[in-house]
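The values are calculated or read from the model by the stated rules, or taken from the named source; none is laboratory data. Note that the structure is a prediction, hence the values are computed from the model and not measured. Every residue, glycine as well, gets a Cβ built from its backbone with ideal geometry; the counts of neighbours run over all protein chains shown. All accessible areas refer to the heavy atoms of the entire protein, side chains included, with ligands and DNA or RNA removed. Shrake-Rupley method; radii C 1.70, N 1.55, O 1.52, S 1.80 Å.
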Amino acid sequence: MKKLTEYIDGREAEMLAFLEKVVNIDSGTHDKAGVDAVGELLSGRLRQLGFQVERSPQTQYGDHLVARKLGKGSRRILFVGHMDTVFPAGTAARRPFRIEGGRAYGPGVLDMKGGDVSLLYALEALKETGSRFYGEVSMTVIFNSDEEVLSPTSKTIIEAEAKRADSACVFEPARPGGEYVARRKGVGKYYLTVHGRAAHAGAQPEAGRSAVGELAHKIIAIHGLTDFGTGTTLNVGLVKGGERSNVVAETAYAEIDLRVPDIGEAARVDARMREIAGSSTVPDTTAELSGGLDFPPMVETPASRKLLEAVQAAGRQLGLDLKGILTGGGSDGNHTSQHTPTVDGMGPKGSETHSDREFIEVATLAERTKVTALFLDLWPTVIETLDR
Ligand SMILES: [Zn+2]
């Protein structure tokens with residue numbers, strides 16, 4: 001243990017310098033050149049760690065990286081991080097990486113370049129200190145480029161690797177209290193189009209059937225499905241409708257975000273959504289509903305609980321009391337957990353993700369890296385107990 005933690009302490013300054021480099025390259029999901037440049041940097045590190053790095057070429061998004069290192073034993077582990085951020089090109093030039101008052105700021109520093117960098121240094125520590133884990137376990141690292149748009153092109157790659165793995169670790173940030181992620185809600189998106197009948201709002205208003213009016217009723221009904229008790233929430237986050245104020249609106253459109261704690265709630269809400277779309281308050285209007293669940297819920301299993309307990313045991317060696325919680329945000333952990341026990345939220349701690357105030361607590365970069373390294377050092381033993 002001492003060898004690992006001392007090694008990481010000795011690398012802290014270099015880890016921050018590497019994070020600075022990665023953060024200062026803009027890599028918004030739609031900025032392919034930027035994401036590929038980040039991929040180039042991360043690939044270099046993975047090769048130094050002894051990985052074979054494959055690029056999965058993409059046209060619309062940056063190329064995904066799939067890096068593999070074969071171990072002598074039969075065990076396999078999967079690590080997942082994303083390279084894309086929600087920030088457009090030019091953001092890093094406007095507000096580059098900076099450290100102030102124990103916090104590091106910059107686009108994607110928390111979500112999730114901090115986690116990506118932490119993983120690389122945890123692996124380096126295991127390699128350089130001669131951990132049994134590093135020689136025996138077959139590892140796959142996936143750095144994908146489209147997580148912030150729900151992983152449309154990387155989902156199948158992640159799932160295929162998850163199916164072969166004994167467990168998966170996802171390096172999304174820790175929750176603001178430093179918690180790991182034990183469960184994630186399922187995430188869905190719906191698209192609702194309402195059709196009415198246009199008419200002159202002054203000359204013949206009675207001939208019109210307002211799609212905007214009908215959509216208003218539907219929005220109230222949809223928001224009525226939110227239940228903070230169960231954790232099911234719906235948000236009509238975008239609406240469009242009508243052409244101008246003196247025309248009764250012929251069409252109206254809404255996009256709806258859905259979060260559910262389990263698959264049963266997803267089915268219940270889906271049925272209710274279809275009822276709302278199929279019935280109307282403004283006569284003669286019709287509606288079409290499409291969409292559904294994009295990210296299945298990440299649920300806790302006995303195996304994932306055991307793995308989280310091993311993370312907690314690693315934390316106790318460092319004097320940390322680590323917890324696992326439920327969160328509403330989706331991640332690739334939602335996908336891996338359908339196929340293999342997953343621990344998520346392994347990245348450093350911080351807050352205000354997806355905003356210009358996003359930060360990590362600098363001290364937690366090395367701290368989480370140590371927890372990861374100690375956990376992985378224990379991993380072969382933990383995995384053996386899962387089989388029994
Ligand atoms: Zn993320």
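Return yes or no: is T301 open to solvent by 30 Å² or more (accessible area, probe 1.4 Å) and not assigned by TED's automatic domain parsing to the domain that holds Y191?
In short, yes.
Mind checking which residues of region 272-298 are in a helix (DSSP H, G or I) and open to solvent by 80 Å² or more (accessible area, probe 1.4 Å)? Talk me through it step by step, then tell me what you get.
Our first condition is that a residue be in a helix (DSSP H, G or I); within region 272-298, this holds for 272-278.
Across region 272-298, the qualifying residues are R272, R274, E275.
State the number of residues belonging to region 223-252 that are assigned to a loop (DSSP other than H, G, I, E, B) and either hydrophobic (A, V, I, L, M, F, W, C) or over 15 Å from D284 (Cβ atoms) (or both).
14
Take the residues of region 205-222 that are over 9 Å from V282 (Cβ atoms) and over 36 Å from the mean Cα position of the chain (by Cα): which is surrounded by the most Cβ atoms within 10 Å (Cβ to Cβ)?
G208
So, in region 233-271, how many residues would count as being open to solvent by 40 Å² or more (accessible area, probe 1.4 Å), more than 17 Å from G330 (Cβ to Cβ), hydrophobic (A, V, I, L, M, F, W, C) and under 23 Å from the mean Cα position of the chain (by Cα)?
Residues flagged as open to solvent by 40 Å² or more (accessible area, probe 1.4 Å), more than 17 Å from G330 (Cβ to Cβ), hydrophobic (A, V, I, L, M, F, W, C) and under 23 Å from the mean Cα position of the chain (by Cα) within region 233-271 amount to 2.
Can you say whether I77 is within 22 Å of the chain's Cα centre (by Cα) and more than 16 Å from the ligand (Cβ to nearest atom), as far as the supplied structure shows?
Values: within 22 Å of the chain's Cα centre (by Cα): yes; more than 16 Å from the ligand (Cβ to nearest atom): yes.
Taking the combined requirement at face value, the residue satisfies it.
Which of the residues that make up region 3-23 are surrounded by 16 or more Cβ atoms within 10 Å (Cβ to Cβ) and not acidic (D, E)?
Scanning region 3-23 gives L4, T5, Y7, I8, R11, M15, L16, F18, L19, V22, V23.
Let's see how each residue does on (1) closer than 25 Å to R164 by Cα; (2) outside the structural domain of A162 (by TED's automatic domain parsing); (3) under 22 Å from the mean Cα position of the chain (by Cα):
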{"position": "Q60", "(1), (2), (3)": "no, no, yes"}
{"position": "L70", "(1), (2), (3)": "yes, no, no"}
{"position": "G73", "(1), (2), (3)": "yes, no, no"}
{"position": "H82", "(1), (2), (3)": "yes, no, yes"}
{"position": "T85", "(1), (2), (3)": "no, no, yes"}
{"position": "P88", "(1), (2), (3)": "no, no, yes"}
{"position": "R98", "(1), (2), (3)": "no, no, no"}
{"position": "A104", "(1), (2), (3)": "no, no, yes"}
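Go through region 257-301 and count every residue that is β-branched (V, I, T) and closer than 27 Å to T336 by Cα.
Step one: filter region 257-301 for residues β-branched (V, I, T), giving 260, 263, 269, 276, 281-282, 285-286, 299, 301.
From what's left, closer than 27 Å to T336 by Cα: 260, 263, 269, 299, 301.
Total meeting the criteria: 5.
Out of region 35-92, which residues are of a type in the set (D, E, K, R) and outside any helix (DSSP H, G or I)?
Listed by number, the residues that qualify are E54, R55, D63, R68, K69, K72, R75, R76, D84.
Answer yes or no: is there a residue in region 202-210 that is under 27 Å from G115 (Cα atoms) and out of contact with any Lys or Arg (no Cβ under 8 Å at 6 or more places or on another chain).
No; the residues of region 202-210 include none that is under 27 Å from G115 (Cα atoms) and out of contact with any Lys or Arg (no Cβ under 8 Å at 6 or more places or on another chain).
Checking the structure you have, find out if any residue of region 87-104 is open to solvent by less than 50 Å² (accessible area, probe 1.4 Å), within 28 Å of E6 (Cα to Cα) and not hydrophobic (A, V, I, L, M, F, W, C).
yes
If you scan region 339-381, which residues turn out to be assigned to a loop (DSSP other than H, G, I, E, B) and more than 29 Å from G73 (Cβ to Cβ)?
The answer is P348, K349, E352, T353, H354, S355, D356, R357, E358.
Is it the case that some residue within region 316-338 is within 16 Å of the ligand (Cβ to nearest atom), more than 21 Å from L78 (Cβ to Cβ) and in the same structural domain as D146 (by TED's automatic domain parsing)?
The answer is yes; a qualifying residue exists.
State all residues of region 258-317 that are among the hydrophobic types (A, V, I, L, M, F, W, C) and within 29 Å of T381 (Cβ to Cβ); if no residue qualifies, say none. Full working, then the answer.
Of the residues in region 258-317, the ones among the hydrophobic types (A, V, I, L, M, F, W, C) are 258, 260, 263, 266-267, 269, 271, 273, 276-277, 282, 287, 289, 293, 295, 298-299, 303, 307-308, 310-311, 313-314.
Residues satisfying the conditions are M298, V299, A303, L307, L308, A310, V311, A313, A314.
What are the residues in region 153-208 that are away from the ligand (no atom under 16 Å from the Cβ), closer than 16 Å to P296 by Cα, of a type in the set (A, V, I, L, M, F, W, C) and assigned to a strand (DSSP E or B), if any?
Correct list: A182 only.
Which residues, counting only those in region 93-137, are hydroxyl-bearing (S, T, Y) and not in a helix (DSSP H, G or I)?
Within region 93-137, the first condition is being hydroxyl-bearing (S, T, Y), and the residues that meet it are 105, 118, 121, 129, 131, 134.
Result: Y105, T129, S131.
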